[in-house]
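Taking it in order: structure first as structure tokens, then the write-up.
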Amino acid sequence: MEAVRLRRVNRWLAQGLGGELADLYVDSRETPAPEAYRSRSRQDFLNRLTGDIRRPGFAMVIAETDHLMGCAFGFPVDSDGFWWLGFDGALPQSIEQLTASGGVFAITSILVRPHPQDQDVARRLQERLLSDHQASLGATLVDQDDHPTLASLRSWGWLDVGEMWRPTGPTMFRALVFPLGERTTARLEGLAHDAWTRWPG
């Protein structure tokens, strides 16, 4: 089986890959291609990608063989904590402190083409993106009805910390975090225990 290589790309290259990344998005959702190509979800993805590319600190890692296999991208969370706006209840203090110190990196998308090694590729993409940024904590939002994605992230060590609304739409998200390094893991130990009781079924 051909080895999957990981490569960082800058925002200009990411813009140039827009069409390929949108195809990857469609393939990763396993929707019939012609129907998905015309659907709003493809355009929604491109709109979100364009918005993310404009953010300070935007970064992307792609996985490739002779063609694009996957990608992960995101940006550093501002120390003002604006990214957490819409969090239901009080944000755990340890997350608040890590955000204020600039140690949180938001992963807004992990996409992998269906492949025998897709889980491994997704995990490697996420780890590379976070380690490149020397983040103490990864953060992501997942539609609470997207049970396959939630289950995958949980199996890789992501912790569910609560619910979030975004003012731009009606979707309820689960907020998840991924601690990096022993010190961060220790600070979030209580959350790890709570995560098992809070995780949606």
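Numbers below:
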{"item": "Count of residues meeting criterion [of a type in the set (S, T, N, Q) and touching a helix residue (DSSP H, G or I) at 6+ places or on another chain (Cβ under 7 Å)] in segment 125-139", "result": "1"}
{"item": "Candidate set from segment 129-180 (those that are open to solvent by 40 Å² or more (accessible area, probe 1.4 Å) and among the β-branched types (V, I, T)); member that is farthest from F87 (Cα to Cα)", "result": "T149"}
{"item": "Filter result (within 18 Å of the chain's Cα centre (by Cα), closer than 21 Å to P167 by Cα and either open to solvent by 20 Å² or more (accessible area, probe 1.4 Å) or aliphatic (A, V, I, L, M) (or both)) within segment 87-106", "result": "F87, A106"}
{"item": "Criterion violated by T197 - all others in (1) open to solvent by less than 50 Å² (accessible area, probe 1.4 Å); (2) of a type in the set (S, T, Y); (3) at pLDDT below 70 satisfied", "result": "(1)"}
{"item": "Number of positions in segment 57-82 that are open to solvent by 30 Å² or more (accessible area, probe 1.4 Å) and touching a strand residue (DSSP E or B) at 6+ places or on another chain (Cβ under 7 Å)", "result": "3"}
{"item": "Contacts under 6 angstrom Cβ, first residue in segment 121-142 being touching a residue at least 60 places away in the same chain (Cβ under 8 Å) and among the charged types (D, E, K, R), partner open to solvent by 10 Å² or more (accessible area, probe 1.4 Å) and not in a helix (DSSP H, G or I), 6 or more apart", "result": "R128/L6"}
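The values are calculated or read from the model by the stated rules, or taken from the named source; none is laboratory data. Quantities reported herein were computed from a predicted structural model and do not represent experimental measurements. No Cβ is skipped: glycine too gets one built from the backbone with ideal geometry, and neighbour counts run over all protein chains shown. Keep in mind that these areas ignore ligands, DNA and RNA; they rest on the heavy atoms of the full protein, side chains included. Shrake-Rupley method; radii C 1.70, N 1.55, O 1.52, S 1.80 Å.
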